[in-house]
Amino acid sequence: MTSHQINPFYVAQQQFDQAADMLHLPDDVRAILRVPQRELTVNFPVQMDDGSTRVFTGYRVQHNLSRGPVKGGIRYHPSVDIDEVRALAMWMTWKCALVNIPYGGAKGGVIVDPKQLSPGELERLTRRFATEISILLGPEKDIPAPDVGTNAQTMAWIMDTISMHRGYTVPAVITGKPVNVGGSLGRVEATGRGVMLMVREMVRKLNWPLAGLRVVVQGFGNVGSTAAYLLHQLGCTIIGVADASGGYYCAHGLDIPAMRAYVDRHPFHLLEGYNAPGVERISGSELLELQCDVLIPAALENQLTGANAEHIRAKLIVEGANGPTTPEADAILGERGIIIVPDILANAGGVIVSYFEWVQGLQEFFWDEQDINEKLERIIVGAFQQVTTMAEQRRIPLRLAAYLLAVQRVADANMTRGVYP
C-alpha cells in the first residue's frame, strides 16, 4: 500500500478508538468526538497572470469546539483532500488538549502546488480563499496558522483580508504572522524548537549522551531545518536530511548551518543542487532506513508504514510531522522496541507559541523572545512529563498515553458542557 492510499482520517479515527476503548468513553461522547463538527468546502475563482481564470478547491474543517475557539494550520499542497484535512483537524484537537491550551482543533487546505504560481497569483488565491472561509474565522471562533506550503506572508495576506472586511485591523484572527504586523517572536522556530526539546528530554530519560547523538531528519522545511539546527547546536551529529529534492547523507555529520543558508537562497527553498565534500545523495526511502539513534520524520503523513517499518533502524523516533506513522507501523515499531514520541506532543511547539501570539494580539502587549522560549519549554516539557508518567504507570506506548490524556480532557469538556439544546 503506497502512502497516498492510506486514508489519514481512518488512521486518526483508529488512534482515537484505541484511546476511547481504554477510557471506556460513553457511546454518545465517542460518537461526537469521532467526527468533525463543521466542514466547509469552497470552490473559488482566481484570476491568473495571463488573464485566464482558474477554479481552486479549498476546505476548512472544525473538529471540536468544546475547549475554546478552534486552531489549526492552512496547507497548500496538490495532495490536499477532505479526509486529510479532517485528520489534521482531529489531531489538532488532541494536541491542544494535551498541552492544555484553551483551543479545539481545526485545519484548512487548498488543492494547489504553490511553487507553480507567481507571487501575485498566490496572493490573489490566498485573499479569495480567506474571503470564502471568513464566515468561520475570528479571534473568538477560528484562528488559522501556517502549515505545509504556507508561511508568514500568507498569514499576513489573510489577516489583511479579514481586517479589510471588518474595517479595522484584527491581528488575533491568525497566527504565524510576520513580527512587524503583530506576529510573535519565536513563532517561526517554535515547532522545531519543540521537537528539539522532546529529543533532549527523551534522550535524558534514556541516559544517552546528547553529544555525538546520530540524528536523521526527514523534511528540511521550517520544522525539520530548525530542529536539525538546534540539535546541531546541542552537539548532536546530523548524519542525514531529506526534502522534496531527495536525501543527503554524511557519516561524520552534515554542515547544517551551511545547508540552511543554501535553502534560504534557493528560489523554492529546497536543497536541490546542494553539494559539499563527503555528502552522498541517497533516496528519501533510504534516508528513513539509515542506522541512527534518532529519526525525526518532519515532512508529510504516512511516511512510516507497514511496508517499511521492519527496515527502520533508529532507536528513537520523534514525530515532527503530523501523522507520519500509520497504526500498522506503530505496532511493528513497538514490537521492535523502538520508542516513538508522538506528533501530538512532539510538534506541539507551534501551536503553543501560536497561542502566545493570539494572547499578545488580543492584549496588544508583546513579550520578548526569551520569555516566549521559556514559557514554551515549561509547557511542552510539563506535557512530556505527564505523558511519560502515564505511559510508565499503565505500561503503554507514549502515543497511547498522550491520547488517553488528551481525549479524556476533551471528553470531560464535552460532558461538562452537555448537549445543546
>> Can you classify the stretch 159-311 as rounded, prolate or oblate using the Cα gyration tensor, where a ≥ b ≥ c are the square roots of its eigenvalues, rounded means a/c under 1.5, and otherwise it's prolate if a/b beats b/c and oblate if not?
In response: prolate
> Taking the C-alpha atoms of the stretch 229-289, how large are the radius of gyration and the largest Cα-Cα span, Dmax, in Å?
Replying inline: 11.1, 30
> Given H placed 1.01 Å from N in the peptide plane, which residues other than close sequence neighbours of Thr237 have an amide H under 5 Å from its amide H?
Replying inline: Gly212, Leu213, Arg214, Val215
> Under Stokes-Einstein, with the Kirkwood radius over Cα pairs standing in for Rh, what whole-number D in µm²/s applies to the stretch 264-323 at 37 °C and 0.692 mPa s?
Replying inline: 247
>> What figure, in Å² to the nearest 10, do you get for the accessible area of Arg214 with a 1.4 Å probe and non-protein molecules left out?
In response: 80
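Can you tell me, using C-alpha contacts under 8 Å and at least 6 residues apart, the relative contact order of the chain as a whole percent?
For the chain, the relative contact order is 17 percent.
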>> How much of the DSSP bridge set in the chain is antiparallel, in percent, rounded to the nearest 5?
In response: 45
> Whole-Hz Karplus ³J(HN,Hα) for the stretch 304-310, in order, using 6.51 cos²θ - 1.76 cosθ + 1.60 and θ = phi - 60°, x for Gly and Pro?
Replying inline: 9, 10, x, 6, 10, 4, 5
> Largest first, how would Arg67, Arg378 line up by accessible area (1.4 Å probe)?
Replying inline: Arg378, Arg67
> What figure in square angstrom, to the nearest 10, would you give for the accessible area of Trp208 with a 1.4 Å probe?
Replying inline: 70
>> Tell me the per residue accessible area of the chain using a 1.4 Å probe; a whole number in Å² is fine.
In response: 41
> Between Ala314 and residues 5 or more places away or on another chain, which pairs have amide H atoms under 5 Å apart, with H built 1.01 Å from N, and which residues are they?
Replying inline: Cys292
> So what is the diffusion coefficient of the chain in µm² per second by Stokes-Einstein at 20 °C and 1.002 mPa s, using a Kirkwood Rh over Cα pairs?
Replying inline: 99
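If you rank Leu333, Leu210 by how much accessible surface each has, with a 1.4 Å probe, what is the order from largest down?
Leu210, Leu333
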> DSSP H helices in the chain with Cα extent of 30 Å or more along the helix axis and mean Kyte-Doolittle hydropathy at least -1.0?
Replying inline: 369-394
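The values are calculated or read from the model by the stated rules, or taken from the named source; none is laboratory data. The structure displayed is predicted, hence computed values, not measured ones. What goes into the accessible areas is simple: the full protein's heavy atoms, side chains included, and nothing from ligands, DNA or RNA. Shrake-Rupley method; radii C 1.70, N 1.55, O 1.52, S 1.80 Å.
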